[in-house]
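Data block below; observations after.
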Ligand SMILES: C[S@@+](CC[C@H](N)C(=O)[O-])C[C@H]1O[C@@H](n2cnc3c(N)ncnc32)[C@H](O)[C@@H]1O
């Protein structure tokens, strides 16, 4: 089976994160699936053990990345004049719904693999939440051409206006070479806009971090649960910046959400964070 065909094994994880967003009052009940609730329940003893035994709070990591991306998107809209957003690998995330409600002028395009996109379209459409400004499309980040490619997805955007593209919960499921080829194709697309920002999160390979061994255990678990692997990319923030620049991004900010806990409305962290949010501009 090709790498391209195999990334569908990642999709079930979107049900789990969708349930986490709901639990933390970021999503309406329509976003909850039976599978998401079931997996959350099955994993809760492990999550409890990781929190109590290792000091690793899985939901805290998820909230850190989600809320930091929300904060960067809010600033791009309110201070950067952004009026179009593409969220790739949207899964069952409520962000498109929340931002479309909050900013009715925004064009918000959600995209995912065809089956997940169909499911999301049904979910949002069934509630009457889709319209000419909020739509769902199929995309495969590994497709270099054709109907599921980035070029096809971006064809319906307004090239005269600034753009934000988001991927959340996606990049660490792929080997670095594969995800860098996506970032290079993405940067090529983004250069066709007057200004464009890419927001994503990643887990670096922070070997000196006091929780590194526990992190490796956690990512091994995610890999086993999603029947794939979960490689950690880049050794530190400088390597992240260089990696993105090599893919064609001009300006790269590497944010550690654990340093902004208060601003993000989260409990304070007593150690340096393990997740980074990247804000990259072409
Ligand atoms: C962990 S979920 C994250 C969902 C959502 N962003 C969130 O944070 O709740 C990963 C998502 O990546 C999507 N995905 C996997 N492979 C993909 C690909 N090749 N192209 C686009 N999306 C993909 C899956 O279908 C799934 O919805």
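Do any helices (runs of 4 or more DSSP H) entirely within the range 105-220 hold 2 or more residues that are touching a residue at least 60 places away in the same chain (Cβ under 8 Å) and under 16 Å from the mean Cα position of the chain (by Cα), and if so, which? If you could, list the steps in order and put the result at the bottom.
On the way: elements: 114-126, 150-154, 176-190.
Qualifying helices (runs of 4 or more DSSP H): 176-190.
Given the criteria over 25 Å from residue 151 (Cβ atoms) and surrounded by 13 or more Cβ atoms within 10 Å (Cβ to Cβ), does residue 114 qualify? Explain how you work it out, then say what you get.
Working: over 25 Å from residue 151 (Cβ atoms): no; surrounded by 13 or more Cβ atoms within 10 Å (Cβ to Cβ): yes.
Spelling it out, it is not the case that residue 114 is over 25 Å from residue 151 (Cβ atoms) and surrounded by 13 or more Cβ atoms within 10 Å (Cβ to Cβ).
Check 207, 227 and return the single one that is in contact with a helix residue (DSSP H, G or I) (Cβ under 6 Å, 6 or more places away or on another chain) and surrounded by fewer than 19 Cβ atoms within 10 Å (Cβ to Cβ).
The conditions single out 227.
Only one residue in 167, 197 is closer than 19 Å to residue 95 by Cβ, away from the ligand (no atom under 16 Å from the Cβ), modelled with pLDDT of 95 or more and buried (at least 20 other Cβ atoms within 10 Å of the Cβ), so which one is that?
Testing whether each residue is closer than 19 Å to residue 95 by Cβ, away from the ligand (no atom under 16 Å from the Cβ), modelled with pLDDT of 95 or more and buried (at least 20 other Cβ atoms within 10 Å of the Cβ) leaves just 197.
Of the conditions (1) part of a helix (DSSP H, G or I); (2) within 13 Å of the ligand (Cβ to nearest atom); (3) in contact (Cβ under 8 Å) with a residue 40 or more places away in the chain; (4) within 25 Å of residue 273 (Cβ to Cβ), residue 16 satisfies every one except a single condition; which number is it?
Result: residue 16 fails condition (3) only.
Just one of (1) away from the ligand (no atom under 14 Å from the Cβ); (2) out of contact with any strand residue (DSSP E or B) (no Cβ under 9 Å at 6 or more places or on another chain); (3) at pLDDT 95 or above trips up residue 207, so point out which.
(3)
For the range 64-91, which residues satisfy the criterion of being part of a helix (DSSP H, G or I) and more than 29 Å from residue 8 (Cβ to Cβ)?
Answer for the range 64-91, where residues must be part of a helix (DSSP H, G or I) and more than 29 Å from residue 8 (Cβ to Cβ): 71, 74, 75, 76, 77, 78.
Yes or no: the range 84-103 includes at least one residue that is within 16 Å of the ligand (Cβ to nearest atom), closer than 24 Å to residue 211 by Cβ and buried (at least 19 other Cβ atoms within 10 Å of the Cβ).
no
Could you list all residues from the range 30-58 that are away from the ligand (no atom under 15 Å from the Cβ) and either within 16 Å of residue 119 (Cβ to Cβ) or outside any helix (DSSP H, G or I) (or both)? Step through it out loud before you land on a result.
Applying the first criterion (away from the ligand (no atom under 15 Å from the Cβ)) to the range 30-58 yields 34, 38, 41-42, 44-57.
34, 55, 56, 57 - these are the residues of the range 30-58 that are away from the ligand (no atom under 15 Å from the Cβ) and either within 16 Å of residue 119 (Cβ to Cβ) or outside any helix (DSSP H, G or I) (or both).
The values are calculated or read from the model by the stated rules, or taken from the named source; none is laboratory data. What you see is a predicted model, and the numbers here were worked out from it, not measured in a lab. As a convention, Cβ positions derive from the backbone with ideal geometry for all residues, glycine included, and neighbour counts pool all protein chains shown.
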